[in-house]
Amino acid sequence: MITDLLRVPQGTVDLASIDPHGKPGFVGNKADGAKALPAMAEELTTLQEQLFAAGYTADNRRILLVLQGMDTSGKGGVLKHTVGLFDPSGTQLKSFKQPTREELDHDFLWRVDKAVPEPGKVGIFDRSHYEDVLVVKVHDLAMPDEIERRYGAINTWEKTLSDEGTTIIKCMLHISPEVQKERLLARLDDPTKQWKFKPADIDERGLWSAYQQAYEIALERCNTDAAPWFVVPSDRKWYRNWAIGSLLLEALRGMDLSWPKPDYDVEEQKKRLENEVPRS
Ligand code: AMP
Ligand code: MG
């Protein structure tokens with residue numbers, strides 16, 4: 001299972017030992033990869049619809065996919081190609097940017113808690129509460145004691161969410177600095193992509209090893225069974241999209257979903273439909 005292959009093991013995390021160009025669990029080349037993702041679309045959408053239908057009953061279950069990664073790691077690409085396979089009415093997307101003044105006046109989990117998926121939904125966080133121990137740590141935007149407190153607060157919050165019926169899948173999109181340079185250059189070279197670039201992206205790139213260290217600490221301290229971390233090698237876009245599709249598919253398969261039984265008598269309703277004439 002991809003879930004087992006990409007799961008971050010308990011204990012010290014060493015990102016340098018994970019190949020960003022790897023393709024664990026996939027046999028084949030790019031052309032095979034391009035076919036493998038659409039091949040899972042039908043099963044993904046059927047299971048998603050069953051989850052959505054379950055949301056109309058007392059079933060509280062939902063999925064939360066957390067996407068984290070350096071600039072150009074492909075969060076947008078996963079949204080377009082993998083999450084794009086789902087029926088949009090059953091998904092709930094939230095992108096986390098720099099906190100607003102109002103958000104900064106609250107605890108860091110305040111804005112995140114408001115964005116959790118409703119029962120039946122597949123929620124996606126494009127960036128997340130992890131920014132509060134990543135960019136915040138790298139740039140000293142909070143006191144060290146406060147950052148230290150946050151790992152435990154995250155684990156407690158995620159455990160509650162899981163207990164309430166949320167399957168949490170946290171993905172770190174792992175790229176190499178060489179591939180990031182190529183992708184940033186591609187953004188600069190293409191007038192249709194220049195809007196995605198900010199000069200500050202190059203400053204952040206300069207802090208690469210500080211970010212990798214902050215990720216290692218977050219992946220180590222917040223890697224629980226209730227809310228596991230996966231490292232997704234993301235130098236190859238097709239592998240990244242396929243791997244996250246596979247994680248979602250395996251999670252949905254494990255939920256033992258089925259079509260909800262109606263809480264009315266089908267035959268009786270058919271008879272009514274035959275006999276009742278619309279009033280004019
Ligand atoms: P992008 O995803 O490229 O649109 O950029 C969003 C920016 O918001 C990134 O530079 C993030 O680091 C930043 N950001 C997101 N969450 C936080 C946070 N909690 N504190 C500070 N910066 C954040
Ligand atoms: Mg950006």
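How far, in degrees from 0 to 90, does helix 237-253 lean away from the longest principal axis of the Cα atoms of the chain, to the nearest 10?
40
Whole angstrom only: what separates the Cα centroid of region 232-252 from the Cα centroid of region 110-180?
19
Of the listed pairs K23/K193; K94/K237; K30/K261; K114/K137; K94/K193, which have alpha-carbon separations greater than 30 Å here?
K30/K261
Would you mind classifying region 23-160 by shape? Square roots of the alpha carbon gyration tensor eigenvalues, ordered a ≥ b ≥ c; an a/c under 1.5 is rounded, otherwise it is prolate if a/b is larger than b/c and oblate if not.
oblate
Please compute the modelled spin-label separation between K97 and A186, points set 7 Å along Cα→Cβ, answer in nm with one decimal.
So the two model labels end up 2.5 nm from each other.
So how much slack lies between S176 and N60, counting 0.36 nm per residue of separation and subtracting their Cα-Cα distance, in nm?
Result: 37.9 nm gained on full extension.
Would you please give the FRET efficiency between S258 and W208, computed as 1/(1 + (r/R0)^6) with r the Cβ-Cβ distance and R0 = 51 Å, to the nearest 0.05?
0.65
Cα axis of helix 208-221 to longest principal axis of the chain: angle in degrees, 0 to 90, nearest 10?
Result, in degrees: 50.
Pop a pseudo-label 7 angstrom from the Cα along the beta-carbon direction at both A53 and A115 and give the gap in nm to one decimal.
It works out to 3.1 nm between the two label points.
Take every DSSP beta bridge whose two residues both sit in the chain, then give the antiparallel share in percent to the nearest 5.
In the chain, DSSP labels about 5 percent of beta bridges as antiparallel.
For region 165-280, what does the convex hull of the Cα positions come to per residue, in cubic angstrom?
Per residue, the Cα convex hull of region 165-280 comes to 241 Å³.
Putting +1 on Lys and Arg Cβ atoms and -1 on Asp and Glu Cβ atoms, find which of L184, W157, Y215 reaches farthest to the positive end of the dipole of the chain.
Final value for the positive-end residue is L184.
Using alpha-carbon pairs under 8 Å, 6+ residues apart, how would you state the relative contact order of region 2-257 in percent?
Relative contact order comes out at 36 percent.
Arrange the peptides 234-242, 265-273, 96-104 so that the one whose residues have, on average, the most other Cβ atoms within 10 Å appears first.
Result, highest mean first: 234-242, 96-104, 265-273.
Would you kindly give the portion of the calculated P(r) for the chain that falls above 36 Å, as a percent of all Cα pairs?
Considering the chain, 20 percent of its Cα-Cα pairs are separated by more than 36 Å.
Once each part is reduced to its C-alpha centroid, what is the distance from region 194-216 to region 7-40 in angstrom?
23
Given the rule -39500 (n - 2.57) for each run of at least 4 DSSP H residues, summed and divided by the residues of the chain, what is its mean residue ellipticity at 222 nm, to the nearest 500 deg cm²/dmol?
-13500 deg cm²/dmol
Exposure proxy check: T156, T224 ranked by fewest other beta carbons within 10 Å?
In increasing order of surrounding Cβ atoms, one gets T156, T224.
How do the peptides 125-132, 206-213 rank, highest first, by the average count of neighbouring beta carbon atoms within 10 Å per residue?
125-132, 206-213
Calculate how steeply helix 177-189 sits against the longest principal axis of the alpha-carbon atoms of the chain, using the helix alpha-carbon long axis, and give the answer as 0 to 90 degrees to the nearest 10.
It works out to around 80 degrees.
Any idea what the dipole of region 2-257 comes to, in debye rounded to 20, about its Cα centre with Lys/Arg Cβ at +1 and Asp/Glu Cβ at -1?
That gives a dipole near 720 debye.
Taking 8 Å as the Cα distance limit and 6 or more residues as the minimum spacing, I'd like the relative contact order of region 1-120 as a percentage.
The normalised contact order for region 1-120 reaches 33 percent.
Bear in mind these aren't lab numbers, they're just calculated from the coordinates by the rules spelled out. Since the structure is predicted, the reported quantities are computational estimates derived from the model, not experimental observations. In this analysis, Cβ positions are derived from the backbone assuming ideal geometry, glycine residues included, and neighbour counts consider all displayed protein chains.
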